[in-house]
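Structure, as structure tokens:
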Amino acid sequence: MSVRSQVLPAIAALLSLVLFAVSANIVFASLVRVSGTFGIAPEYLATVSAVQFAGFFASSLAGGFAADLVGKRRVLQCGCGLVTTGGMIWAFAPAAWVVFVGGWVMGMGGGILEAISSALLTDLYPRRRKLVMNLSQVAYCGGAVSGPALMGWLLPLGISWRWFFGATAFGAAILFVLYEASSVSRCEANGPPSRDSGWGGVWGLTVALAAPCIVIFLYVFAEMGTATFMTLYLQDILQAPERWAIGSLSIFWAMMIIGRLVCAFLPEHHAYEWVIAFLMVLAGCAALCQVWVVAWPLSVVLFATSGLAFAGTWPLIISMVAMRHSTRSGAAVGVTVAAGSVGCIAAPAVISPLFASGHASLMFAVAAGALFVGGALVLLCPFLHTRFRVCEEAIDDEAD
């Protein structure tokens, strides 16, 4: 198989995840500087993240169906164009309200890059889905760490925050060209319309994805809540030194990278459900232990354990969905990723009131409950998938 037909699209897909991670995380890293530029409170500007994830949800959902109709490469190029446009809006924004527009547009581009590049990788390497999906999330972690780290180094030296969004836009334009250079045949939709393309197929796909979507929502809810409030909990509640409170986030992400590298080499034939259930239960146990911990060093160890347990959950769920719906991988992965993004929006809304009411430790009980429910539900996925495929075939037979 030629480089243009497999390796080049795979490189482009991995770079898409790096770019998405950068585009999402430089928003958080620049909030103080941007609020100073426009003379508004950082708390107000922070709501741009909700706008960005709303755009992410919409595009990952719609982009998945579009990718199965017109081809993944064209949809990914559309995502690159949206990130370029959103980044330039940020870079030249004359007023605060304009960055909200930029956040929405860039979020839409990010949703496409995250969902469709993941689906593309599973198409390119159908026998190594666990490997490529875990490596793709390692790439994401690299972008999530490198973007803010570079800003933390250069912003104090006088570099304007606008340059980082301009650079992100330029990177998306380069990625557009890289996709254009990739072979069409391996990047397009998976083939001619099949049974899955009828109304019965749409209904069957939607219902069959219900369980995986709930599972990934519960997982993202727990992970987002943990990562968002970890530093605040350690510093304000457990009185940990600031360097350890901030450093715990680096430890958390480092353990995520290690865990994803380990999960990348799981046997491809091994059942997805049991591994996902084990990881979610392990993460749930680590979260539940936090409720009774009063010493910050032990809390840091538990956060590290959570990062290790969280590591393989997302890529394994996406791999499982892509395997079961290989003829409609774009739509299946798009719907699943969209469901996960709702967890990013829900976690702060649920957990912030617990901090405000003085019951911060209860957030770990909530996270543990979500993980335990998700771990139990994922074991039902094979049964539900088989059940709804039978229903789908019956609907199509009636239509015929």
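The values are calculated or read from the model by the stated rules, or taken from the named source; none is laboratory data. Not measured: the values here are computed from a predicted model. When we count neighbours, we look across all protein chains shown, and the Cβ atoms used for this are built from the backbone with ideal geometry, even at glycine.
Ala339 meets the conditions (1) in a helix (DSSP H, G or I); (2) free of Cβ contacts under 8 Å to residues at least 40 places away in the same chain; (3) not aromatic (Phe, Trp, Tyr) in every case but one. The failed one is (2). Quick check on Val202: is it outside any loop (DSSP other than H, G, I, E, B) and modelled with pLDDT of 80 or more? It is false that Val202 is outside any loop (DSSP other than H, G, I, E, B) and modelled with pLDDT of 80 or more. The residues of the stretch 83-98 that are surrounded by fewer than 24 Cβ atoms within 10 Å (Cβ to Cβ) and of a type outside the set (Phe, Trp, Tyr), listed by number, are Thr84, Thr85, Met88, Ile89, Ala91, Ala93, Pro94, Ala95, Ala96, Val98.
For the stretch 7-27, the candidate set comprises residues that are over 15 Å from the mean Cα position of the chain (by Cα) and under 21 Å from Leu249 (Cα atoms); within that set, the residue that is surrounded by the most Cβ atoms within 10 Å (Cβ to Cβ) is Val27. Here is the figure for the stretch 274-308: residues that are farther than 17 Å from Ala227 by Cα and among the β-branched types (Val, Ile, Thr) total 5.
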